[in-house]
Amino acid sequence: LGCLRLVLRCVHFRIPSRAGQHVGQSLFGAEDTNFGECHFVQRAGKSVHPAPMEHGRLAARSSVNRECYTGYARPSLALMIDPQEQANRWIKNKESRNGLQMIKLSDPNFLRTLENAIRLGMPVLCEDVGESLDAALEPVLLKQTYTSGGRLLIRLGDKDVEYDKNFAFYMTSKLSNPHYLPEVCIKVTIINFTVTPRGLEDQLLSEVTRLERPDLEKQRNELILKINNERAKLKAIEDNILKMLYESEGNILDNEELIKTLNDSKITSAETTKKLAEAEITEQKISAARSKYIPVAERGSCMYFVVANMAEIDPMYQFSLKYFKNLFNNTIESSEKSDNLEQRIQIMLAATTNSTYNNVARGIFEKDKLVFSFLLCIEILKQSKIISPEEWNFFLRGAGGMEKKRPGRPAEITWMNDPVWRNVIDLADFSPIFRSLTADLLRTPVRVTIGEVTGEGNPADFSGFGPTPTEPSDADIAKSRGDDPSVAERFSGHWDKRLTSFQKLMLIKVLQEQKVVPAITEFVKENLGKEFVEAPSIELNLLYSDMSKTTPLVFVLSTGSDPMNTFQRFAKEKNFDDRYRAISLGQGQGVVAEKLISTAVKSGDWVFLQNCHLAASWMLSLENIVKDMAEKPEDINQDFRLFLSSMPAKAFPVSVLQNSVKVTNEPPKGLRNNIKRAFAEMSPEEFETNILGTDWKKIVFGICFFHGIILERKKFGPLGWNIRYEFNDSDRQCALLNLKMFCAEGEIPWDALIYITGEITYGGRVTDNWDQRCLRTILTQFFHPKTLEPGYKYSPSGVYYPPDQPTLQDYKDYVDQLPLIEDPEIFGLHSNANLAYQIEETRSMVEVILEIQPRVASGGGGKSNDEIVYELADSILGKIMTKIDLDLAKPELFEEDSQGRLNSLTTVLTQEIDRYNRLLTVIRTSLEQLKKAIKGFVVMSEELDSVYTAFINNQVPKLWSNVAYPSLKTLSNWIKDLILRCWFVHYWLTQGMPKSFWLPGFFFPQGFLTGTLQNYARKYNYPIDHLSFEFIVKPVYRDQEEVNKAMQTVGFGEEIPQDQEIERPEDGVLVHGLFTDGFRFDCETMRAALSHHNVMLDVLPMLHMQPKMDFTPDPSHYISPLYKTKVRAGVLSTTGHSTNFVVSVPLPSDKPQDFWINMGAALLCEKTD
């Protein structure tokens, strides 16, 4: 009756409406709805969910041009976000019978194909659309048709094309998270076809049921069709009645045909409704039987999204949904069978998880394998409710926020620094189970164990421990992990028993960050199994079995790797050593490669295309070739195989990666393995028969050892090299060839060899002057006349030395017995270098995981992301200055000298103020705009969105860092540092020149140094280019935060207590705030000294920078570089130094220069968090 009234009202008020159309359809603008479409879409690869079904209807409605839209708005064309290619498959299934044409905007002839399709009324699918659309498509997108001479035309390019109304246009994009500008959005209907976890779960459940219970799935599919047919009958009856009502004239009660139809419909409807009710009861029974396989489908869905997210780490980690589903199905089919359903489900869970790890891990680099297995483990445990989202969020991001006030560290806790203590407070506040942590540090041992890794919160021999706390029962522990977490607050101690394995991992990350990576390894072993932390087999025999004539093998390369030798050996094993064709791609080689493939496809030979990353412009052709092979497998010889190799490159076709077998190829890791590899390539003849005899063997061994040292030194980050240079095997081979050539007459020209090896063969790759100094120093340790002396050792431990042996095999045996994991001492580094490496490894891993995580709040308290970011923006706005006001300057600063010149340091000050004011303006403007965007007053632009995301992750937004000074601090500490810097400049401006300058507080410290020299040059009328600094260490320490607090309390003209301890120098300046990295400065001996154990950075005492004419440093002093941040690397400047470099500082030392150079000793302006 409601429908009848609505139709009659539409007729009365002349509201456009299609005759016979269901009212719901009319309201939503859908037409030709077929209930069987549900089954059709499911077969095309999508789940039967309201959202995907609506997406399909929208796409169908948007992409056609029919007269039915006369009278109301014609929908815009559909642009489908389709990273898993579900929409592509659905469109191909739907339109293949209509002569579907496929184009890409990168195709040179796409407009010609489009023109023909418009003229002939054929559907067109435009694939791989980016974030912008070609302007030539605009008439099609806006449907700018017009009538001329009785013909319907459209202007395409410079042509008028006859427009057939049957033409349909679809667009799909493989971008998972595209940012379309408003001008694109108003021209198209954007439809998100991205598969959801629930949708994929439904698809995989159907696959599992089809494989395990084909009878059940067949019955379900037949039932779906039956239900759809019955519903279609009901709809047909409704449409017929509505049509007759619409066309009826006069009194409808006089229309006998209508009355009869209504009576017949009543009977048919009752029968149909009864059948539907029976069918739905049957469907519920089938669903109940299928639901037993839900755990397997949930696991599959969970794993796929972990696999899909790996592509955000590296563009080569691409795996399609089709590939994953095939792998999933094949694993289930080949897994062990069992009549016991519960046992069978456990078998399937184990088999699919193991198979997914092995097939994916072999295609990702070693550094990312643990990331993948850890994420896999975490998502499985989150799905099982063993790990809460809040715990995972805390592990990655910590507590976040800026307003939190934490109690100070107790004086008794001497083994813990302040940043760790703050993290302990945050963890104790995070959850009831950690509530007693801060108190337990002083009263009972705090230690947890995961596998072979033990995390310790306090020393075992601490004298303040009290009696052992009461041990909680298993029931109490279960309660504390369940519905009543407050139970945990009643207990203390026994942390290893009370915590879950992930909570132990959280505690280790807070207490001993350097142990997180080995703890993660043990965590994965404990929860998934040992095989998930081991590299899967990458033997070519195994990979070959996964290949086919249409499925290529891609070697993903890293620097120094070459799979060609392995490939040639395998080809020989398969009797294809004379039936493969290999070519290294580059400029002009694409045509040659195409001819090779076209010939091999027919003959059944193998083709190996090397270095695909060097032929970026030909990659589109490669994509089309692989695509054509997949579409026409019947034209390809069964023996044909395609092998590809490439460095990671965005230009490499995603479709080829997604549907290929991938394997990474990396050089060996570790010093021993590097030397072993070098000796594996030598023959006994070339090694043993040289005219130099034993000296030759020792020199060759020294070069191989040196090569391994400079490669492995990279793992220590800036302590090893400022820049990570890509040394490779060709450098070592070149050095050995030079050695052979220069020593052919039996003499060793050491000077020439050392120069060529250090300055050209290896030094040619080195761009940083300080790295060049380091390279020369390392070379003299392994490649020098002294290395031939009897009993010479490469390191103080005596473990490493050049053997005095006669044969190559003896040398190989010596290499085999070297330690697998080398100690930092062989690199000349302090034991703290390992600690620095482990901490950096942890932070890098967490950073990588953070980058691929969805946006989640980092704080607690039940606040939304918007609330947290809004409060943080408000907090920052309330803390930072509006600007540093030059009008408040002390007049004496701007007094000119007798020659009318302004003090150079005043000029430096005004430049610093300009830089800081620019940064403050950017920060303030972006925060005000962000607050408006959160409230909905302005559009949340991509720029503001990046600020929003950075706030959630406690990171400094790139918008700010692009106009700021170099810094590695987290957001909260960066803001504190900025405030401190601004106050330093402000007090200099308003109170006059400080007695000691805080050097890290300068935006551009090099300008300050130049200004100091200029003042000295003016005072004594010296040429500035002959001036340099003598650095005199003063045994005085000065903390800028304390200075800032003191400045806030003193009155006008008063002196702060810190200034009373020092005198202003007659010439030069005093500076403070620097840190030592790789060493410390001993104020007792007033010399550089070895770092204390576990102390990464130490404070350098105050420096007096005294300008001197033509100053030459004491040769016994260590020339230490001073950098702005710990990264040390920056943009290479014309001086040969990094822009991160400030100045070289000679420091007193009782050890030789080479000792500290090997140690990586340097000074820093900033201490990282």
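All of the numbers you see were taken from the coordinates with simple rules; none came from a lab. Keep in mind the model is a prediction, meaning the values are calculated, not measured. Cβ coordinates were reconstructed from backbone atoms using ideal geometry, including for glycine residues, and neighbour counts include every protein chain displayed.
A straight chain from ASN541 to SER617 at 0.36 nm per residue would run longer than the Cα-Cα distance by 24.1 nm. When only alpha carbons are used to place a centre, the range 1029-1097 and the range 968-985 end up 19 Å from one another.
Ordering LEU225, SER844, TYR811 by Cα displacement along the dipole of the chain toward the positive end leaves LEU225 in first place; charges were set at the Cβ atoms of Lys, Arg (+1) and Asp, Glu (-1).
Charged neighbours of ASP977, selected by a Cβ distance under 9 Å, balance to +2 (K, R count +1; D, E count -1).
Which pairs in the list LYS94/LYS233; LYS479/LYS976; LYS369/LYS935; LYS92/LYS935; LYS325/LYS530; LYS94/LYS143 are over 31 Å apart, alpha-carbon to alpha-carbon? In this structure, LYS479/LYS976; LYS369/LYS935; LYS92/LYS935 lie more than 31 Å apart at Cα.
Explain nothing, just the number: dipole magnitude of the chain about its Cα centre with +1 on each Lys and Arg Cβ and -1 on each Asp and Glu Cβ, in debye rounded to the nearest 20. Intermediate values should be presented prior to the final figure.
Values: 133 positive and 154 negative charges, 595 e Å.
Computed charge dipole of the chain: roughly 2860 debye.
Give me the percent relative contact order of the range 540-665, please, defined on Cα pairs under 8 angstrom at least 6 residues apart. RCO, the range 540-665: 44 percent.
Taking 1 over the mean of 1/r across every pair of different Cα atoms in the range 129-270, what Kirkwood radius in Å do you get? Can you show the working numbers first?
On the way: mean 1/r = 0.0466 Å⁻¹.
Taking every pair of different Cα atoms in the range 129-270, averaging 1/r and inverting gives 21.5 Å.
Length available on full extension from VAL963 to LYS497: 0.36 nm per residue minus the Cα-Cα distance, which gives 162.8 nm. The trypsin sites (Lys or Arg not before Pro) found in the range 600-679 that occupy coil by DSSP, while having at most 16 further C-beta atoms within 10 Å, are LYS650, LYS669.
By its C-alpha gyration tensor, with a ≥ b ≥ c as the square roots of the eigenvalues, how is the range 673-829 shaped: rounded for a/c under 1.5, else prolate for a/b larger than b/c, else oblate?
Numbers: a/c = 1.64, a/b = 1.23, b/c = 1.33.
Oblate is the answer for the range 673-829, as a/c is 1.5 or above yet b/c matches or exceeds a/b.
Sorting 99-105, 549-555 by average packing, meaning the other beta carbons within 10 Å per residue, from highest down gives 549-555, 99-105.
In this rough spin-label picture, where each label sits 7 Å from Cα along the Cβ direction, the LEU142-VAL1036 distance is 7.3 nm. In the chain, the calculated helix contribution to ellipticity at 222 nm averages -14500 deg cm²/dmol per residue, counting -39,500 (n - 2.57) for every DSSP H run with n ≥ 4. Each of PHE1075, SER603, PRO1065 was scored by the projection of its Cα onto the charge dipole of the chain, and the greatest displacement toward the positive side belongs to SER603; charges sit on the C-beta of Lys, Arg, Asp and Glu.
Using the alpha-carbon centroid of each, what span in Å lies between the range 721-778 and the range 597-651? The range 721-778 and the range 597-651 have Cα centres separated by 39 Å. Each residue, THR449 and THR113, gets one label point 7 Å from its Cα in the Cβ direction; the gap between the two is 6.4 nm.
With a sphere of radius 14 Å drawn around the Cβ of MET1105, what net charge do the other residues whose Cβ falls strictly inside it have (Lys, Arg +1; Asp, Glu -1)? The partial results should precede the final answer.
Values: positive: LYS995, LYS1034, ARG1064, LYS1108; negative: GLU1030, GLU1066, ASP1067.
Taking every other residue near MET1105 into account, the sum is +1.
Net length available on complete extension from SER831 to ASN1094 is 93.8 nm, with 0.36 nm assigned per residue and the Cα-Cα distance removed. Bridges between two residues of the chain, per DSSP, are antiparallel at a rate of about 50%. Tell me, what is the FRET efficiency for THR1112 and GLN733 to the nearest 0.05, using R0 = 56 angstrom and their Cβ-Cβ distance as r? The computed FRET efficiency comes out at 0.85.
Report the per residue volume, in Å³, of the convex hull enclosing the C-alpha atoms of the chain.
Taking the convex hull of the Cα positions in the chain, it is 264 Å³ per residue.
Modelled spin labels at ILE691 and SER287, positioned 7 Å past Cα toward Cβ, are 8.9 nm from each other.
Decide, for the range 837-922, between rounded, prolate and oblate: order the square roots of the alpha carbon gyration tensor eigenvalues as a ≥ b ≥ c, take rounded if a/c falls under 1.5, and otherwise choose prolate if a/b is larger than b/c, else oblate. Because a/c hits 1.5 or more and a/b fails to exceed b/c, the range 837-922 counts as oblate.
Dipole of the range 863-993 (Lys/Arg Cβ +1, Asp/Glu Cβ -1, origin at the Cα centre): which of TRP974, TYR870, LEU893 lies farthest to the positive side? Positive-most Cα among the choices belongs to TYR870.
Which of rounded, prolate, oblate describes the range 540-665, given a ≥ b ≥ c as roots of the alpha-carbon gyration tensor eigenvalues and a/c under 1.5 marking rounded, otherwise prolate only if a/b is larger than b/c?
Numbers: a/c = 1.35, a/b = 1.07, b/c = 1.26.
Here the range 540-665 falls in the rounded category.
Can you tell me the order of 592-599, 204-211, 963-970 when each peptide is scored by its average per-residue count of other Cβ atoms within 10 angstrom, highest first? Show your work: numbers first, answer last.
Working: 592-599: 15.0, 204-211: 21.0, 963-970: 17.1.
My ranking of the peptides, most packed first, is 204-211, 963-970, 592-599.
Regarding the range 863-993, what is the average projected area of its C-alpha convex hull, in nm²?
Numbers: hull surface 36.3 nm².
Projected over every direction and averaged, the Cα hull of the range 863-993 covers 9.1 nm².
Any chance you could give the angle, 0 to 90 degrees and rounded to 10, that helix 321-334 forms with the longest Cα principal axis of the chain? Approximately 80 degrees, to the nearest 10.
Could you work out the local net charge near PHE894, counting Lys and Arg as +1, Asp and Glu as -1, over the other residues with Cβ closer than 14 Å to its Cβ? It would help to have the intermediate numbers written out before the result.
On the way: positive: LYS890, ARG901; negative: ASP887, GLU892, GLU895, GLU896, ASP897.
Residues near PHE894 contribute -3 overall.
Placing R0 at 30 angstrom, the Cβ-Cβ distance between THR470 and ASP418 gives a FRET efficiency of 0.40 after rounding to 0.05.
Can you figure out the FRET efficiency of ASN240 with GLU851, using R₀ = 56 Å and their beta-carbon distance, to the nearest 0.05?
On the way: r = 58 Å, r/R0 = 1.03.
Once the sixth-power term is evaluated, E becomes 0.45.
Evaluate the charge dipole of the range 995-1169 about its Cα centre and quote only its size in Debye, nearest 20, assuming +1 on the Cβ of each Lys and Arg and -1 on the Cβ of each Asp and Glu.
Working: 15 positive and 22 negative charges, 88 e Å.
Roughly 420 debye, rounded to the nearest 20.
Of the beta bridges in the range 61-194, as assigned by DSSP with both residues counted there, near 30 percent are antiparallel.
Only loop residues by DSSP count here, and only those with at most 16 other Cβ atoms within 10 Å; note down the GluC sites (Glu not before Pro) in the range 626-691 that meet that.
Working: sites: GLU631, GLU634, GLU681, GLU685, GLU686, GLU688; in loops: GLU681.
Taking the range 626-691 and a limit of 16 other Cβ atoms within 10 Å, the loop GluC sites (Glu not before Pro) found are GLU681.
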